[in-house]
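Comments concern the structure below.
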Amino acid sequence: MQDKAYIWSKITRYFHWLLVICILVTFLSSLFENALLIHIAFGSLAGGLLTFRLIWGFIGPKYERFSHFDFSLSDLWFYLSNLFKDRKIYVGHNPAASWATVLLIVFGFFCTLSGVMLMGSEEERGLFSFLSADYYKEILYIHSISKNVVGIVALIHIVGALLEHFWHKTKIINTMIDGYKNVNAPSTQTTPFQKAFGTFSIIFSLLMGIFTLIAPAYSIMTNNANEVIYHIDNPLYAKECSECHNLYPPILLSKESWSVVLDDPKEHFKEDLTKKVPHFESIKSYILAHSAQSASNEISRNILESTEGKNIYRITRTKYWKDTHAFIPRDAYKHPKIKTKSNCSACHMNFGISNYINDEEISLQYFSLYEAMKIYLHVKN
Ligand code: HEC
Ligand code: HEC
């Protein structure tokens, strides 16, 4: 009979497979702009799990502790150069898995931290919403480097595990499912404190992810104090400028463009707003003060960059708008509920309520499933 020992505690195995799911889902969801909420929910879950694993590395059961890992480079070299030969079976993590675990924890942690910071600086949302948008390129850089390290290490780890499992027939994948390894060693012991701490951490991380998904406004996705609710901030503007169409948030055009759109009836589709709109001057100064230049969010920055100083009097003619809506079928605007490109609220829920236009609030209800899929997957028409 072969020796058998219980090596990986239940908590560690739950952690491992939950993290596998997180890595898979965050990578997949990053491919779709519309899946930001899912990306962040699983990112939060991963953040919780990784924090737990970091602590677990010091206070967890024997084989999970970093002190039991094998970080010796010569052992790693020996392990890698004998990959296809018969060699010893390690009780805990082999040298490659030791390095993989630590790299995944450290860079996974960087990923989640820089992700939250990115939400703060790029979208003015969440814990780091005080961060200036000037830093977003650097933070994005850290986010994508850490993501690449996580991706590469995870792939190497998977290849290594498959090799162990099928080539060396150590059934290492089963080990991560039932916890048992064919080695002659003492089985692992989990103290009641470790059990309580592990169970609490995993449930807490799961709840954090679920909470983000069902109540994004109260999670790390939350909008910050820079959110301006127009009908509270300036009821006059909110009322008068939504008489004939959607309330267009001032952040969507530059100051110069707004001046022309508002003053020149030729540019306002023959409507002379100076005569038609009560309290016109006060509304106008409010709009100019809240134009794209005054905002530091991603959308305003993109609008200003894409118009390159040219005055454009329709939001739908900015290069940014055209680019972000390029995947919408041309005849979509013939739909009786949509009618025109300028009918933003047909597709953007809560449009015109505040100075935020959130990806999660896009509704494709007027599209067929096939069209909606094409828009989601960014398939050009
Ligand atoms: C009397 C009716 C009326 C009022 C009041 C009015 N508008 Fe308009 N506005 C129009 C019409 C008509 C259009 C053209 C809409 C279209 O083509 O779909 C338009 C278009 C616009 C556009 C261009 C939309 C785009 O596609 O880029 C902006 C911006 C705009 N209005 C802002 C305002 C603001 C700000 C106010 C308040 C000061 C205002 N409007 C008040 C009639 C009005
Ligand atoms: C027919 C539906 C539809 C209409 C009408 C529409 N949009 Fe959109 N909009 C979308 C879709 C779908 C996306 C997401 C595209 C993607 O997946 O990248 C989007 C994306 C955007 C984005 C980018 C959001 C981000 O954070 O990346 C902005 C800003 C935006 N729309 C503003 C507007 C404005 C302003 C109007 C009205 C002038 C408007 N949209 C009209 C469907 C629409």
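Among the candidates 374, 322, single out the residue that is more than 8 Å from ligand 2 (Cβ to nearest atom), within 18 Å of residue 253 (Cβ to Cβ) and part of a helix (DSSP H, G or I).
Residue meeting the stated conditions: 322.
All of 188, 212 fail the test of being assigned to a loop (DSSP other than H, G, I, E, B) and among the β-branched types (Val, Ile, Thr), apart from 188.
When the helices (runs of 4 or more DSSP H) confined to the stretch 54-163 are screened for residues that are within 22 Å of residue 39 (Cα to Cα), those reaching at least 1 such residues are found at 95-123, 136-162.
Among the residues in the stretch 357-366, are any near ligand 2 (Cβ under 9 Å from one of its atoms) and over 20 Å from residue 249 (Cα atoms)?
Yes.
The number of residues in the stretch 191-233 that are at pLDDT below 85 and either in contact with a strand residue (DSSP E or B) (Cβ under 8 Å, 6 or more places away or on another chain) or surrounded by 16 or more Cβ atoms within 10 Å (Cβ to Cβ) (or both) comes to 9. The residues of the stretch 145-190 that are among the charged types (D, E, K, R), farther than 12 Å from residue 6 by Cβ and surrounded by fewer than 15 Cβ atoms within 10 Å (Cβ to Cβ) amount to a single one, 169.
Does residue 73 satisfy the condition of being in the same structural domain as residue 152 (by TED's automatic domain parsing), modelled with pLDDT of 90 or more and surrounded by fewer than 20 Cβ atoms within 10 Å (Cβ to Cβ)?
Numbers: in the same structural domain as residue 152 (by TED's automatic domain parsing): yes; modelled with pLDDT of 90 or more: yes; surrounded by fewer than 20 Cβ atoms within 10 Å (Cβ to Cβ): yes.
So residue 73 fits the description; yes.
With respect to (1) away from ligand 1 (no atom under 14 Å from the Cβ); (2) free of Cβ contacts under 8 Å to residues at least 40 places away in the same chain; (3) in a helix (DSSP H, G or I); (4) not hydrophobic (A, V, I, L, M, F, W, C), the lone exception for residue 365 is condition (3). The residues in the stretch 317-328 that are in contact (Cβ under 8 Å) with a residue 24 or more places away in the chain and surrounded by fewer than 15 Cβ atoms within 10 Å (Cβ to Cβ) can be counted, and the count is 1.
Here's the yes/no breakdown for (1) loosely packed, with under 13 Cβ neighbours inside 10 Å; (2) under 25 Å from the mean Cα position of the chain (by Cα); (3) near ligand 2 (Cβ under 9 Å from one of its atoms); (4) of a type in the set (Phe, Trp, Tyr):
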{"position": "275", "(1), (2), (3), (4)": "yes, no, no, no"}
{"position": "286", "(1), (2), (3), (4)": "no, no, no, yes"}
{"position": "291", "(1), (2), (3), (4)": "no, no, no, no"}
{"position": "302", "(1), (2), (3), (4)": "no, yes, yes, no"}
{"position": "350", "(1), (2), (3), (4)": "yes, yes, no, no"}
{"position": "353", "(1), (2), (3), (4)": "no, yes, no, no"}
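Could you tell me whether the stretch 329-343 includes any residue that is more than 12 Å from ligand 1 (Cβ to nearest atom), at pLDDT 90 or above and surrounded by 15 or more Cβ atoms within 10 Å (Cβ to Cβ)? No.
Residue-by-condition table, conditions (1) outside any helix (DSSP H, G or I); (2) more than 15 Å from ligand 2 (Cβ to nearest atom); (3) crowded, with 20+ Cβ neighbours inside 10 Å; (4) among the aliphatic types (A, V, I, L, M):
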site	(1), (2), (3), (4)
258	no, no, yes, no
278	yes, yes, no, no
282	no, yes, no, no
305	no, no, no, no
311	yes, yes, no, no
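Restricting 361, 371 to residues that are in contact with a Phe, Trp or Tyr (Cβ under 9 Å, 6 or more places away or on another chain) and at pLDDT below 90 narrows the list to 361.
For the stretch 23-42, how many residues are surrounded by fewer than 24 Cβ atoms within 10 Å (Cβ to Cβ) and either in a helix (DSSP H, G or I) or charged (D, E, K, R) (or both)?
Final tally of qualifying residues: 13.
The values are calculated or read from the model by the stated rules, or taken from the named source; none is laboratory data. Predicted model only: the values in this text are computed from it and were never measured. Cβ: placed from backbone, ideal geometry, glycine included. Neighbour counts: every protein chain shown.
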